[in-house]
Structures are given as C-alpha cells and as structure tokens.
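Below is one structure; the comments refer to it alone.
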Amino acid sequence: MAKVVINKEKCKGCLLCVSFCPKALFIVEEKLNSKGVKPVKLKEINDCVGCGQCAVICPECCIEIYE
Ligand code: SF4
Ligand code: SF4
C-alpha cells in the first residue's frame, strides 16, 4: 500500500482528487484550514494503489505519494 501525504494547509478544497481517485479514497475533513476551506484527507482504512492520479491532478501540488 502506498503512503499518501496531503498538505492540508495548501489544499483549496477543489475536490479534483476526490473525483479522480479510482478507489474513491478521499473524504472531506470537518475542520477548516487557515484558508477557511475544508481540506481533504484519506479514509482511515484505504487500499491506495499508488497510481499517482491525485498528485498529478491537484492544482496546488498538495499531494505526495510514497511507495
Ligand atoms: S495514488 Fe491513486 S489510489 Fe492512491 S489516493 Fe491517489 S488517486 Fe487514489
Ligand atoms: S486536488 Fe488538491 S487542492 Fe483540490 S481538494 Fe484535492 S488536495 Fe485539495
């Protein structure tokens, strides 16, 4: 399983990663970040395949994938 690191302070809540993840692993946090938006996070239990689509699609470069 790949490790996904999200920079929640940079996230602008556009939800592109939510749409593009083939495993539908992203959910929206309740707590606002310093930009005043609800950032995304991954589900507690996930089966990330490390495809990297979320990292490529994120316009703010918030997501890093580690194998
Ligand atoms: S690397 Fe792929 S499977 Fe993993 S969270 Fe990103 S889009 Fe989803
Ligand atoms: S694509 Fe990037 S900026 Fe948009 S919600 Fe996902 S992590 Fe946040």
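So which residues in segment 1-54 are within 10 Å of ligand 2 (Cβ to nearest atom) and of a type in the set (S, T, Y)?
S19
I'm trying to understand the selection: among the residues of segment 1-39, which are out of contact with any Pro (no Cβ under 9 Å at 6 or more places or on another chain), under 14 Å from I65 (Cβ atoms) and at pLDDT 95 or above?
Residues satisfying the conditions are V4, V5, C17, F20, C21, P22, K23, L25, F26.
What residue, among those in segment 53-67 that are within 14 Å of ligand 1 (Cβ to nearest atom) and outside any helix (DSSP H, G or I), is surrounded by the fewest Cβ atoms within 10 Å (Cβ to Cβ)?
So, considering only residues that are within 14 Å of ligand 1 (Cβ to nearest atom) and outside any helix (DSSP H, G or I), the one surrounded by the fewest Cβ atoms within 10 Å (Cβ to Cβ) is E67.
Which of the residues spanning segment 3-26 are crowded, with 16+ Cβ neighbours inside 10 Å and among the basic types (K, R)?
The answer is K8, and nothing else.
The values are calculated or read from the model by the stated rules, or taken from the named source; none is laboratory data. These numbers were taken from a predicted model, which means no experiment stands behind them. We place every Cβ from the backbone using ideal geometry, glycine too, and count neighbours over all the protein chains shown.
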